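No lab work stands behind these numbers, since they all come straight from the coordinates. All figures in this text were calculated on a predicted structure; none of them were measured in a lab. Positions of Cβ are backbone-derived with ideal geometry, glycine not excepted, and every protein chain shown enters the neighbour counts.
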Amino acid sequence: MICYICKNEFEYLQSLIVHFKVYHFLGPNSPYDCCEESCFQSFQCLSSFKRHIKSKHLNFPRTNTLPSTLPSTLPIEHQTTTKQNVTTNDTYSNHIASDDTPNKFIFQEAVSAIHLSAVKFVLSLHIKNSITFQNVLDIQELMTDLVSKPLAELLDNFVKNIVTDPLLLSSFKEISSVVSNPFKLCNTEYRLMKWLSNEKYINPLTQITINKEVTSVHHNGEVVYDEHITKGLLMPLKFQFQSFFEHGNNFKLSLERLNYLNSSETMTNFIQGDLWKNKIKNHGDKLVFPYFLYIDDLEINNPLGSHATFQAVSAIYYSFPLFENNSKLSNIFLAALIKSVDLKEYGNEQCLKNLIYELQILEDEGIVISAPGNVNVNVHFMLGLVLGDNLGLNSILEFSKSFSATYFCRFCKANKEHTKHLTQENPLLMRNIDNYNQDVAKMDVTQTGIHKKSFLNSITSFHVTQNYCVDIMHDLFEGICHYDMCHIIKYFTEVTKYFSLDTLNLRKNNFNYGPIEIGNVSPSINVNHLNNHHLKMSAREMMTFVHFFSLMVGDLVPENDEVWSFFLNLTQIIDALLSYSVCETNLIVLRNLIKNHNQQYINLFHDSLKPKHHLLTHYPTIIKQSGPPRHYWCFRFEAKHKELKLYAHATTSRRNITLTLAKKMQIKFAYQLICPKPKNVIVNKTHEIRNNKQLELIQTLVLNQQFKCYSQIDYKGTLYKTDFYVTKVTDELHLFKILLIIIFESEEYMLAVQDIKLNYLHSHFDAYVVDENCTVLKDICVYKIEDFNGPPINTVKLVNGQIMIRLKEYY
């Protein structure tokens, strides 16, 4: 008997029927064709087909579906095996034929699961920044040829030698087919993208046309006149916003966080600032979520090579300030890519009009989100802030791009000469919508600091004069700290000569940074760095250097030194700006600290204030409007650049680089949707502690709850380890040494700690003095990880033998 689909021949009718069901997934009501003896009749159901076969083409007794006897030449052992196979086959046939079997194995679902696992595996390769599409296809081909096909061949040979019944052989043939080609859904780029699109994990990218012109172009090495189209790349924002908030419990968590922040009196988030409150006044009862846009250029080629800057790309990202882990790179998403040369040549309006149109739709119409409980909620998304460094912001907002301009400040109308001695903000000079419109009408950037009206103002809820955003990464750690620290070091090494530059470098290079900060140590300082007012340090290395500077050389500087007081003032400003929460009192203190800092800078070093010193005067106002500045600094967005740079270096294609990079980010987004959300806590079993003298005591403290103890875990990106130190404020500051990390079955995370004695706060070092014997005030106590202030810190032993700690809320 012949299968009309694959033309395989079968000796028995029952074998053919099972083959139809298992191999071709035909059901009782599927159509069937007869291929016996030139018979080409068609039947609408299986029963009709069976009656036809039995009446017209069956030439052997109908009751026999399998041989009644075994060949007498087989050994006894083989006869037994074959009988067992017959029984197995009967059972298998009954299982396939029965539709009422509980918990039955559904073959097609198993096949689909294998194909889905293969897609997840392929996507897990695609999200690696250094792996290209072609690399993934090569890996798939190697795995298929070297692993899958040999396994399928092994299965085929094994089955052929053991199983003789064609009924099972046909079933195993399908299994072998799946094993030999697990990448059926994704063995080409087209098939992978088609499957992701069909499953609603991606939406088509939009290549926006920026400019069309007929010009000379190269075709096959010859110069001809043809149409040249300049394009940019826009991601499917509406689809991505909707998919993100419908994924997992993202919408629920964001809504809960919105309600919590609205009821909290302490300002910890952007939506608690005056700016957001003013933005949503006219939206009534509508549910509105904020988002941030970030724009910056990145160089994808060798910055010293011949093709530098030509292929530079302006990347526009977005993030959601309501989302608790919004600083994770996986929660920063690409919005658009435009070549930097195109943005400069054709202007912001021509390049960004499609993006602005999409953003306006998100605000006006919103998106219907399928919330838990089959409830549809219409959410409006409003642009909260446009983020970036000073050059990026001034460029996209159409302000003066250079600090050399007469009116360089985007917040106020103070001229450059005035700002050199302006120690605090002048409210009368602040920019507003009225004086902005007057300045735009003048069309004179030298007199106003405004090139032209910003196209971003066409977004209903946005105006460039109300974009209260600063970046402490560039303003502070790549600006003010360099000016200040160079003056401070020159004063101590050249004027007072409390210590030499060699002594500073010796102490700096041999300082006990501890395991937490050892990766942020900067190179040695030389005289040229000081004279140029720029130390050879990254922003992160500057953070570490300033944080520990008082402990490095504080013992060499006499108390009440006025420059040392200036340095301590700087550290207080840094600590205030890096705080996770602020209140009105903090802003008053910060305003005074900044005023004193700027005045001391002029008086002590006989130097004029730099533009970034002037921007610092606006910080209290900006924090009042937009919340703690650490939530909109550039650190994490610049880290996001690394993903695009690594992939650009991995691929040699530059033909349409914006599309190439966007496809990579599109697949990363799909991977987030298709795969389970990564855990906030990373635990390694090798760090589990089973025998420890504190375990029994901990058991009594936690009231017989089930738990496990570890020596090390990664909790929300922060490493906690035994013998690290953490701090907690109750009635006073407490220092704790971590003994064990406890994880309960309820996934609650706690630390078993020892309370170490602190003697006092040493104002000269701006640090706490730890008891020299590390006296234990309380042998063991247990607290939640969230109860501690900031991340783990180091204890540092000074040259004079004192042990000190400096508090911090940041890394």
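Brief remarks on what is shown
- In sequence order, segment 112-129 has phi-based couplings of 4, 5, 5, 5, 5, 4, 5, 5, 4, 4, 5, 5, 5, 7, 4, 6, 6, 5 Hz under the Karplus curve 6.51 cos²θ - 1.76 cosθ + 1.60, θ = phi - 60°, and Gly or Pro positions carry x.
- Segment 520-633: radius of gyration over Cα atoms, expressed as a fraction of 2.2 N^0.38 Å: 1.14
- Among residues other than A670 with Cβ under 12 Å from its Cβ, the summed charge is +4 (Lys and Arg +1, Asp and Glu -1).
- Annotation: amide H-H contacts under 5 Å for A336 (H modelled 1.01 Å from N, sequence separation of 5 or more, or interchain): M235, I316.
- Relative contact order %, segment 357-406, counting alpha carbon pairs below 8 Å whose residues are six or more apart: 25
- Using a Förster distance of 41 Å, the FRET efficiency for N789-K120 (Cβ separation, nearest 0.05): 0.55
- Long pairs among K663/K808; K328/K778; K401/K624; K413/K624; K497/K737, criterion Cα-Cα beyond 32 Å: K663/K808; K328/K778; K497/K737
- Global form of segment 134-277, assessed from the alpha-carbon gyration tensor, a/c cut-off 1.5: oblate
- Per-selection Kirkwood Rh - the chain (Cα, Å, 1 d.p.): 32.3
- Mean residue ellipticity (222 nm) of the chain, computed from DSSP H runs ≥ 4 via -39,500 (n - 2.57), nearest 500: -12500 deg cm²/dmol
- Taking every C-alpha pair closer than 8 Å and separated by at least 6 residues, the mean separation divided by the residue count of segment 740-794 gives a relative contact order of 35 percent.
- Sites V217 and K344 - FRET efficiency at Förster radius 30 Å, r taken between beta-carbons, to 0.05: 0.90
- Distance (nanometres) between label positions extended 7 Å along Cα→Cβ at L604 and C774: 3.5
- Net charge in the neighbourhood of D714 (other residues with Cβ under 12 Å of its Cβ; Lys, Arg +1, Asp, Glu -1) is +3.
- Segment I139..L719, full-extension length gain: 205.4 nm, with 0.36 nm per residue of separation and the alpha-carbon distance subtracted.
- 22 Å Cα-Cα threshold exceeded, pairs from K640/K664; K279/K452; K194/K679; K685/K721: K279/K452; K194/K679
- Gain on full extension, evaluated as 0.36 nm per residue between N592 and N8 minus their Cα-Cα distance, stands at 201.3 nm.
- Cβ-Cβ FRET estimate between T585 and N262, R0 fixed at 30 Å, reported to 0.05: 0.90
- With the highest mean first, a sort of the peptides 177-184, 153-160, 43-50 on other beta-carbon atoms found within 10 angstrom per residue produces 177-184, 43-50, 153-160.
- Rounded if a/c under 1.5, otherwise prolate or oblate - segment 243-290, Cα gyration tensor axes: oblate
- Cα gyration tensor shape for segment 385-500, rounded if a/c is under 1.5, else prolate or oblate: prolate
- Across the chain, Cα pairs under 8 Å and at least six residues apart give a relative contact order of 11 percent.
- Segment 277-412 - Rg and Dmax from Cα coordinates, angstrom: 17.8, 58
- Where labels lie 7 Å past Cα in the beta-carbon direction, separation of L391 and H57 in nm: 7.7
- Summarised as an ellipsoid, segment 631-686 has semi-axes of 27, 17, 13 Å, derived from the eigenvalues of the Cα gyration tensor scaled by 5 and square-rooted, with the largest first.
- Extension gain, H283 back to I433 (0.36 nm per residue minus Cα-Cα distance, nm): 51.9 nm
- Estimated vicinal HN-Hα couplings, Hz - segment 550-563 in sequence order (Karplus 6.51, -1.76, 1.60; Gly, Pro = x): 5, 7, 6, 10, x, 6, 8, 9, x, 5, 6, 5, 5, 6
- Taking Lys and Arg as +1 and Asp and Glu as -1, the other residues whose beta-carbon sits under 15 Å from that of T132 total +3.
- Mean Cβ count within 10 Å, highest first, over the residues of peptides 276-288, 502-514: 502-514, 276-288
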